[in-house]
Amino acid sequence: MARKTSRSIRYADLNADDNAETRRLIDAGSRLAEEVARLFPPEPDMADRHYWLEAMINHVPDYIYAKDTAGRFLIANEVTVADNGLESLRDLVGKTDFDLHPHEFAQAVADTERRVLETGEPIFGIEERAIVTKDRDRWLMTSKVPLRSKSGRIIGIVGISRDISDRKAAERLLEGQARLLEMIANGKPLGEFFHELVLLIEALLPGIKGSILLLSEDGRHLLHGAAPSLDAGFCAAIHGLEIGPAAGSCGTAAWCGEQVIVSDVFADPLWEEYAPLLRPSGLRSCWSTPILSRERKVLGTFALYAQEVGTPSEQQQELIAMAAHLAGIAIERKRAEDRIGFMAHHDALTGLPNRVLFEEQVAGMLEEIRERDQWAVLAFLDLDDFKLINDSLGHATGDELLKIVAGRMRAAVRRSDSVVRVGGDEFIILLNGLPKERDVVLSRLEDIRTAIAMPVQLQGRSLQVSCSMGVACFPNQGKTAGELLANADMAMYRAKELGRNNIQVFTEEMAARAHEKLQSQEELREALAREEFLLHFQPQMSLETGRIFAAEALLRWQHPVRGIISPAAFIPLAEETGLIVPIGDWVLRTACRQLKAWQDAGLPPLIVSVNVSARQFRERNWAARVAAVLEETCLEARYLELELTESLIMQDVPGAIATMHALEAIGVHLAIDDFGTGYSSLSALKRFPVRRLKIDRSFVTDIPHDADDMAITSAIISLAQKLGLRVIAEGVETEAQVEFLQKSGCGEIQGYFFSQPLPGEDFEVLLSSERR
Ligand SMILES: Nc1nc2c(ncn2[C@@H]2O[C@H](COP(=O)(O)O[C@H]3[C@@H](O)[C@H](n4cnc5c(=O)[nH]c(N)nc54)O[C@@H]3COP(=O)(O)O)[C@@H](O)[C@H]2O)c(=O)[nH]1
């Protein structure tokens with residue numbers, strides 16, 4: 001103060017003097033004096049220091065305090081006082097944390113402080129929990145140092161705590177989100193996920209209660225999802241709530257697909273109907289957000305309820321958006337999982353359960369039946385000639401038909417029964433709990449068969465499809481699902497054998513036959529491996545020259561026990577099992593090799609005729625395989641004739657024509673065997689690149705006694721002539737037959753009249769003698 005006075009006097013003096021130079025000097029001097037005063041302030045007294053210190057700590061937003069060794073507050077800054085809900089420092093001094101916070105929090109603080117007091121070591125950066133303003137649970141980051149007297153004795157602690165609640169909340173949110181995403185990834189049930197999600201949001205927004213509602217499949221109602229903190233009665237009352245333009249916050253949000261904020265449910269018309277339900281809970285505002293799919297379709301709602309009238313804060317809005325988003329992901333994920341699960345267990349075309357689901361459930365179903373004195377009836381069902389429909393009308397029509405048939409089957413059984421699509425045109429029907437009466441069972445199955453056989457209108461035409469069924473009853477005809485299926489399958493094959501369109505119930509005899517068949521199949525396989533097959537050759541003679549011009553190669557099985565077995569006895573089984581393919585390859589190779597050997601031995605040139613089965617003919621690249629055999633055996637293609645049956649060709653006319661052209665291109669001759677027994681249309685015949693027709697033995701046998709057969713035979717001969725084809729009659733046994741054929745213009749014969757099929761060496765003798 002003294003210095004300030006002397007400076008003002010001098011200033012006044014100089015103002016009186018009008019010398020500018022002197023004035024500038026004095027001004028500079030006084031600025032210097034001010035700077036010195038700023039840099040070297042006068043020594044403060046204790047009161048000043050106290051004042052400054054207090055001002056300083058009161059400006060710091062952190063909590064700063066000192067406590068004595070008993071944990072009683074000695075001093076604290078203003079924010080500590082205020083955030084503990086107190087008016088002044090006087091209210092705090094002398095209190096401990098036990099007076100301010102829940103026991104558990106206070107104990108943790110006391111324990112830390114005791115450590116500081118006992119060790120004399122400071123502790124930095126520990127996390128503590130405290131309840132501060134408005135009962136809010138806060139997290140503090142605290143450092144504590146011992147408070148010492150001038151003599152160095154510890155007389156308390158000094159603490160500084162920073163409120164890290166926001167950071168902790170952000171951490172908690174992140175952890176919660178990670179936990180929720182893990183739940184989604186692990187496919188936890190939706191209910192559990194929603195519960196966890198609502199609890200997380202509630203933990204982050206104290207005092208707020210959350211709820212999740214799901215939109216029903218029909219898109220008209222909201223169903224309870226999760227609301228762990230809401231009154232159960234309220235939840236039950238709004239379960240099934242119909243959505244609409246004024247259906248509370250959630251019903252309206254789901255209806256319009258937008259957030260609906262109701263700040264006071266008791267004043268808002270949207271809540272007119274529902275507000276009374278909420279009254280007992282003391283909740284006032286409800287903010288509902290639609291849960292949307294990626295395509296922005298409403299899946300449900302996420303709502304928050306607050307006790308005060310109001311609207312959500314920015315932070316609350318962010319959490320609502322996050323929660324609705326996560327809920328959407330979880331719902332979509334669950335639906336995708338459900339869809340995948342459904343697809344894995346159902347047939348995509350008909351929507352019927354598939355074999356996987358059936359196998360998962362059948363054991364349980366049978367177990368239930370076992371306890372009652374009833375039958376479970378398992379029927380294996382196969383549509384008759386479905387392939388024909390597919391091939392002639394196209395797969396789309398076939399699919400439509402399958403869907404219709406599946407629907408009819410489903411409609412013809414009870415809800416407790418099962419209809420399963422096994423694949424293609426095969427189905428399983430499981431009738432649960434029928435009385436143990438064969439007639440009842442058969443009548444139920446007949447009803448299904450009749451339903452299937454009703455005409456179907458498809459592509460503007462009326463179709464009818466029949467089916468064959470094999471049946472096995474539990475427990476008599478199979479104790480397990482596997483046994484029942486196998487037995488029903490056997491019975492179904494029997495139904496097919498008996499001409500289709502019928503129902504067969506499994507019998508032990510069927511099992512015996514099937515067993516026999518299996519054995520024969522095995523024997524056949526071994527026969528091929530052990531080279532038990534051989535070829536006989538039956539000569540074909542020209543009636544013009546009286547000479548042998550060709551030989552049909554006919555397969556025989558030299559069975560080690562049963563002797564020579566006719567192909568008629570094993571070819572059907574070989575066809576059924578596919579063994580005809582390797583057997584047929586063997587026949588072709590052996591026949592070509594034999595003919596080449598005769599040619600090399602100087603015998604007159606012949607054509608060898610080889611029978612081809614439908615199964616062989618359908619093999620991919622079959623023509624190329626024939627070419628390979630010719631090359632391997634060094635036989636010229638013109639010496640090989642392949643006999644195809646009419647029925648083989650008619651199974652797939654375009655495919656057969658393509659293969660026939662491929663064979664013709666190699667140079668191989670083609671003949672139609674058993675001509676007249678099939679259904680080849682004459683127009684189709686024109687398109688077949690064949691050289692010869694073989695009149696079936698059945699037309700020749702009764703010549704000259706059967707006028708019809710004679711007429712048919714003459715007609716075939718004249719047809720062949722008109723088409724420029726050669727014609728041969730097979731099964732010719734008598735002179736009368738030869739005479740008739742000759743007169744009718746048939747130039748070639750094959751049959752016992754001339755020769756039986758002969759072993760290779762006998763045929764060679766026949767050929768040589770003919771040459772001589
Ligand atoms: N896919 C293949 N099928 C073959 C093969 N080898 C034969 N077969 C077919 O098996 C069926 C029975 O043949 P098989 O017992 O050899 O009978 C043939 C002749 O022995 C018999 N035949 C010939 N002449 C007469 C006769 O005057 N009377 C009479 N009762 N039977 C006679 O006809 C059979 C020849 O028929 P086809 O083939 O239609 O010319 C038979 O369907 C064979 O085709 C083979 O390797 N692969």
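The values are calculated or read from the model by the stated rules, or taken from the named source; none is laboratory data. Everything numeric here is computed off the predicted structure, so don't read it as measured data. As a convention, Cβ positions derive from the backbone with ideal geometry for all residues, glycine included, and neighbour counts pool all protein chains shown.
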_If N501 satisfies all but one of (1) more than 30 Å from L554 (Cβ to Cβ); (2) assigned to a helix (DSSP H, G or I), what's the number of the condition it fails?_
(2)
_Residues being aromatic (F, W, Y), within 13 Å of the ligand (Cβ to nearest atom) and under 26 Å from C746 (Cβ atoms) - total across region 518-555_ = 1
*What are the residues in region 495-513 that are surrounded by 17 or more Cβ atoms within 10 Å (Cβ to Cβ) and either basic (K, R) or out of contact with any strand residue (DSSP E or B) (no Cβ under 7 Å at 6 or more places or on another chain) (or both), if any?*
M510
*Could you identify the single residue in G584, G578 that is crowded, with 17+ Cβ neighbours inside 10 Å, within 14 Å of the ligand (Cβ to nearest atom) and without any contact (Cβ under 8 Å) to a residue 40 or more places away in the chain?*
G584
*Consider S609 carefully, then state whether it is within 27 Å of D709 (Cβ to Cβ), assigned to a helix (DSSP H, G or I) and within 15 Å of the ligand (Cβ to nearest atom).*
no
*With a cut-off of at least 3 residues that are within 28 Å of the chain's Cα centre (by Cα), name the helices (runs of 4 or more DSSP H) lying wholly within region 252-371.*
314-345, 355-371
*Taking the stated definitions as given, is P269 free of Cβ contacts under 8 Å to residues at least 12 places away in the same chain and over 26 Å from R296 (Cβ atoms)?*
no
*asked:* Among the residues in region 522-534, are any under 40 Å from the mean Cα position of the chain (by Cα) and farther than 25 Å from R355 by Cα?
replied: yes
*Check region 618-626 and report whether any residue there is surrounded by fewer than 16 Cβ atoms within 10 Å (Cβ to Cβ), more than 16 Å from the ligand (Cβ to nearest atom) and more than 23 Å from S392 (Cβ to Cβ).*
yes
_Anything in region 431-447 that is in a helix (DSSP H, G or I), surrounded by 14 or more Cβ atoms within 10 Å (Cβ to Cβ) and in contact with a helix residue (DSSP H, G or I) (Cβ under 8 Å, 6 or more places away or on another chain)? List them, or say none._
none
*Within region 454-472, track down each residue that is crowded, with 16+ Cβ neighbours inside 10 Å and either modelled with pLDDT of 95 or more or among the hydroxyl-bearing types (S, T, Y) (or both).*
C467, S468, M469, G470, V471, A472
*Take region 587-601 and flag every residue that is more than 11 Å from the ligand (Cβ to nearest atom) and not in a loop (DSSP other than H, G, I, E, B).*
R589, C592, R593, Q594, L595, K596, A597, W598, Q599, D600
_Failed item in (1) part of a helix (DSSP H, G or I); (2) within 26 Å of V413 (Cα to Cα), with V377 passing the rest_ = (1)
*Somewhere in region 739-749, is a residue in a strand (DSSP E or B), closer than 17 Å to E544 by Cβ and within 16 Å of the ligand (Cβ to nearest atom)?*
yes
*Which residue out of G724, G676, G655 is of a type in the set (G, A, S) and in contact with a Phe, Trp or Tyr (Cβ under 8 Å, 6 or more places away or on another chain)?*
G676
*Determine which member of the set R692, R771, R687 is within 16 Å of the ligand (Cβ to nearest atom), basic (K, R) and on the phi < 0 side of the Ramachandran plot.*
R692
*For region 756-772, how many residues meet the condition of being modelled with pLDDT of 95 or more and either under 14 Å from M541 (Cα atoms) or not assigned by TED's automatic domain parsing to the domain that holds D673 (or both)?*
3
*Is at least one residue of region 683-704 surrounded by 20 or more Cβ atoms within 10 Å (Cβ to Cβ), of a type in the set (D, E), farther than 27 Å from P604 by Cβ and under 60 Å from the mean Cα position of the chain (by Cα)?*
yes
